[in-house]
1. Give me a count of the residues in the range 145-164 that are more than 9 Å from the ligand (Cβ to nearest atom) and acidic (D, E).
2. Within the range 127-139, take every residue that is β-branched (V, I, T) and more than 9 Å from the ligand (Cβ to nearest atom) and give me the one that is farthest from the chain's Cα centre (by Cα).
3. Suppose the filter is modelled with pLDDT of 95 or more and within 16 Å of the ligand (Cβ to nearest atom); does K142 pass it?
4. Could you tell me whether R179 is loosely packed, with under 15 Cβ neighbours inside 10 Å and touching a residue at least 24 places away in the same chain (Cβ under 8 Å)?
5. Being outside any helix (DSSP H, G or I) and either buried (at least 18 other Cβ atoms within 10 Å of the Cβ) or acidic (D, E) (or both) narrows it down to one of I30, I13, so name that one.
6. Looking at (1) in a helix (DSSP H, G or I); (2) over 30 Å from Q167 (Cα atoms), can you tell me which one G43 breaks?
7. Take the range 198-224 and flag every residue that is out of contact with any Ser or Thr (no Cβ under 8 Å at 6 or more places or on another chain), touching a residue at least 24 places away in the same chain (Cβ under 8 Å), not in a helix (DSSP H, G or I) and not β-branched (V, I, T).
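The values are calculated or read from the model by the stated rules, or taken from the named source; none is laboratory data. Here the structure is a predicted model, which means the values were calculated and not measured. For neighbour counting, all protein chains shown are included, and Cβ atoms are generated from backbone atoms with ideal geometry for every residue, glycine included.
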Amino acid sequence: MTEQENKFQKLKIVLIGQPGSGKGTQVDLIREKLGLVLVPSPGDLYRDPEFRKTELGKIVAPIVDRGEFAPDEITNRIMKEKIIDLTDNFKKGFISEGYPRTLGQAEFVDKEIGFDFLINLEVPEEEIILRLSGRRICPKCKKNYHLITLPPKQDEICDICQVSLVQREDDKPEAIRKRMYVYHQTAELTIEYYRKQNKVIDINGDQSVEKVFEDIKQALEKYL
Ligand SMILES: [Zn+2]
């Protein structure tokens with residue numbers, strides 16, 4: 001890593017975006033290219049078999065398995081511990097995806113953890129629906145496809161297994177609208193909370209992966 005890139009290493013960043021906004025890809029780029037520690041989202045952490053064996057994991061597992069969100073008090077406690085652990089007690093910078101998501105979490109992070117910027121990845125709703133509704137998965141080998149960006153060689157058939165691809169329930173238009181509604185209900189309050197503190201960087205996510213990352217990097221550079 002060059003010295004020029006090293007200057008990002010102490011940054012504490014939160015990235016927020018709707019399902020289908022491309023935030024996972026950007027988080028990976030930020031982690032790799034800017035040298036930041038990745039903080040897993042609470043959802044990813046709660047699915048981790050190792051975590052589920054811990055004391056707190058045993059409390060959270062049945063809640064999330066019912067499709068519900070864990071209470072903020074528990075999520076806050078778990079995420080604070082996780083961030084301290086991953087950053088060697090805040091010595092390293094981090095990129096967090098999906099936390100804080102609610103106002104209750106945002107207020108806790110503000111008091112107990114702190115961060116420099118909230119990157120708000122914005123993508124128009126029609127584009128989100130187009131992206132998510134084109135997703136397909138092979139029921140046998142679980143390979144992911146996308147009808148527009150990553151199509152199989154034969155229409156709706158897995159290249160490897162030759163079986164018909166399926167659409168996850170989550171990616172059907174009705175479910176997408178429901179997820180968007182849930183996202184807006186919680187995330188907007190968090191974004192507004194941090195906007196008052198001038199910590200929000202709005203990024204246009206409706207561009208190529210490379211351009212979105214470039215915009216993020218340039219916006220951060222302004223503050224370094
Ligand atoms: Zn397959």
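1. 2
2. I129
3. no
4. no
5. Among I30, I13, only I13 is outside any helix (DSSP H, G or I) and either buried (at least 18 other Cβ atoms within 10 Å of the Cβ) or acidic (D, E) (or both).
6. For G43, the exception is condition (2).
7. K199, D202, N204, D206, Y223, L224
Residue-by-condition table, conditions (1) surrounded by 14 or more Cβ atoms within 10 Å (Cβ to Cβ); (2) of a type outside the set (D, E, K, R):
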residue	(1), (2)
G57	yes, yes
P62	no, yes
D116	yes, no
R131	yes, no
